[in-house]
Amino acid sequence: MADTTAAPGPSIFRLVYRSSTTMERDNRPAELEEIFELSRRKNGDLGLSGALLVWEDTFVQVLEGDEATVRELYARIAADPRHEDVVLLDADTVDHRVFGRWSMAHVSDAEGADLPAARGDEAPDAPHAVPRLEDERQAVVLDLMREYASPDVQPLDSSADGG
């Protein structure tokens, strides 16, 4: 997938959701590897970009691209039995992609992530992602993803998401 981070043109739709995994801990690394491999291939073909934060039993995912395509993918993801309690946290049109270099970046508190993360001393019970790129906009979205991993963050009003 080409780097579309700073590409001019039409606005980009960004959707963020949180869910809880139903995957068994022992099988989770293999299942996540399969998810990333498939999503990178398919998202690239669809012109989508994004990131998935994996923290303990919580997923926070950002999807960026054409609104209809993002919403269709979100509907399929929400029905996937590998997670539950899917909550839409944000859905809006933005003027740029922050994960344009990745069809699906992996943000995790485990080794091997595209965007490495570790729990910081200032918040030992919250995920802490550190972007490899010096992109302030990406850092802001990664901070939001960490915040969204908290079950205290409430979902969008269902009438505000347009779906």
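The values are calculated or read from the model by the stated rules, or taken from the named source; none is laboratory data. Model, not experiment: these values are computed from the prediction. In this analysis, Cβ positions are derived from the backbone assuming ideal geometry, glycine residues included, and neighbour counts consider all displayed protein chains. SASA here: full protein model, heavy atoms, side chains in, ligands and nucleic acids out. Shrake-Rupley method; radii C 1.70, N 1.55, O 1.52, S 1.80 Å.
One table, with the values for the structure above:
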| quantity | calculated |
| --- | --- |
| Check on L115, open to solvent by less than 30 Å² (accessible area, probe 1.4 Å) and either under 23 Å from T21 (Cα atoms) or at pLDDT 85 or above (or both) | yes |
| In region 38-60, the residues that are open to solvent by 10 Å² or more (accessible area, probe 1.4 Å), part of a helix (DSSP H, G or I) and not acidic (D, E) | L38, S39, R40, R41, K42, G44, L46 |
| Meets criteria (over 19 Å from L144 (Cβ atoms), at pLDDT below 90 and either assigned to a helix (DSSP H, G or I) or not small (G, A, S) (or both)) for F99 | no |
| Qualifying positions in region 56-108 - in contact with a Phe, Trp or Tyr (Cβ under 7 Å, 6 or more places away or on another chain), among the hydrophobic types (A, V, I, L, M, F, W, C) and under 14 Å from K42 (Cβ atoms) | L63, V70, M104 |
| Identity of the residue in region 28-37, within 14 Å of A105 (Cβ to Cβ) and not aromatic (F, W, Y), that ends up most open to solvent (accessible area, probe 1.4 Å) | E37 |
